[in-house]
1. Taking Cα atoms, how many degrees apart are the long axis of helix 206-221 and the longest axis of the chain, rounded to 10 and kept between 0 and 90?
2. Computed over the Cα atoms of region 58-183, what is the convex hull's projected area averaged over all directions, in nm²?
3. Compare the Cα positions of Thr53, Ala171, Pro103 along the charge dipole of the chain (+1 at Cβ of Lys, Arg; -1 at Cβ of Asp, Glu; about the Cα centre) and return the one farthest towards the positive end.
4. Percent of Cα-Cα pairs per 10 Å bin, from 0 to the last occupied bin, for region 9-68, please list those.
5. Taking H placed 1.01 Å from N in the peptide plane, check which residues at least 5 places from Val164 or on another chain put their amide H under 5 Å from its amide H.
6. What's the angle, to the nearest 10 degrees (0 to 90), between helix 113-128's Cα axis and the longest principal axis of the chain?
7. What dipole magnitude, in Debye to the nearest 20, does region 114-180 give about its Cα centre under +1 on Lys/Arg Cβ and -1 on Asp/Glu Cβ?
8. Using Cα-only point scatterers and the Debye equation, what is log10 of I(q)/I(0) for region 126-172 at each q in 0.18, 0.24, 0.25 Å⁻¹, rounded to two decimals?
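Just so it is clear, none of the values below were taken in a lab; they were calculated from the coordinates. The shown structure was predicted, so the numbers you read here are calculated from the model rather than taken from an experiment. Every residue, glycine among them, receives a Cβ derived from its backbone with ideal geometry; neighbour counts consider all protein chains shown.
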Amino acid sequence: MDRMRKLIADHMVMSKHVSPHVTSFVEADVTNLVLWREKVKAAFEKREGEKITFTPIFLMAVAQAIKEMPMINVQVDGQTIVKKKDINIGMAAALPSGNLIVPVVRNADRLNLVGLAKAVNDLANRARQGKLNPDEISGGTYTVTNVGTFGNVLGTPIINQPQVAIMATGAIRKKPAVIETPTGDVIAIRHMMFLSHSYDHRVVDGALGGKFVRRVADILENWPLDAEY
């Protein structure tokens, strides 16, 4: 193991030792979101000079859900629950070496979609180049990992201590789905994805952990086709 691999190994074992992990899963119909991105991505890149990926949209949905359910944005100090004022979302990124790094988008709830896209692209690019500053990989209060990048549909991520929850976003795939209409149920081809939410059962029970991932899914499912950016 190189030095980074040793640190990751120790961190993962410590997390499993410290936090009793529970994982909840939700399948989300993100058809509107996929169609919206396809519609705007060329104009977005021309106007902003940035590619619009799904990652900043996922971070925006998570940040909104955290504002509504702030007890996900906490840390444990002995027998004390410490609520974190800032919403700093880490995004797990694979390095060319095969190692893992988690750059942090600070105050993600204060950024609009353009700001999030710029932050995500900048951090991801500099992570791959090994040009992140130490303060850009510290201070996270919640983490998102995109297992869909590797074609995976589900993941059971390990909590990034000292945080108490982490979400894995799976690959978006076309699948037949039942749609309810005024004239009855129909089967249609929809863009579907799984969200996996692992949380620390010391302080997050199934009700909160499950409601949180359901809320993120609802935000993504209800993405307006005419959304501004």
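1. In the chain, helix 206-221 runs at an angle near 40 degrees to the longest axis.
2. Numbers: hull surface 42.7 nm².
Mean projected area for region 58-183: 10.7 nm², to one decimal.
3. Pro103
4. With 10 Å bins starting at 0, P(r) equals 16, 31, 29, 17, 7.
5. Val74
6. On a 0 to 90 degree scale, this one is about 50.
7. Dipole magnitude for region 114-180 comes out near 300 debye.
8. Relative scattering, expressed as log10 I(q)/I(0), comes to -0.69, -0.93, -0.94.
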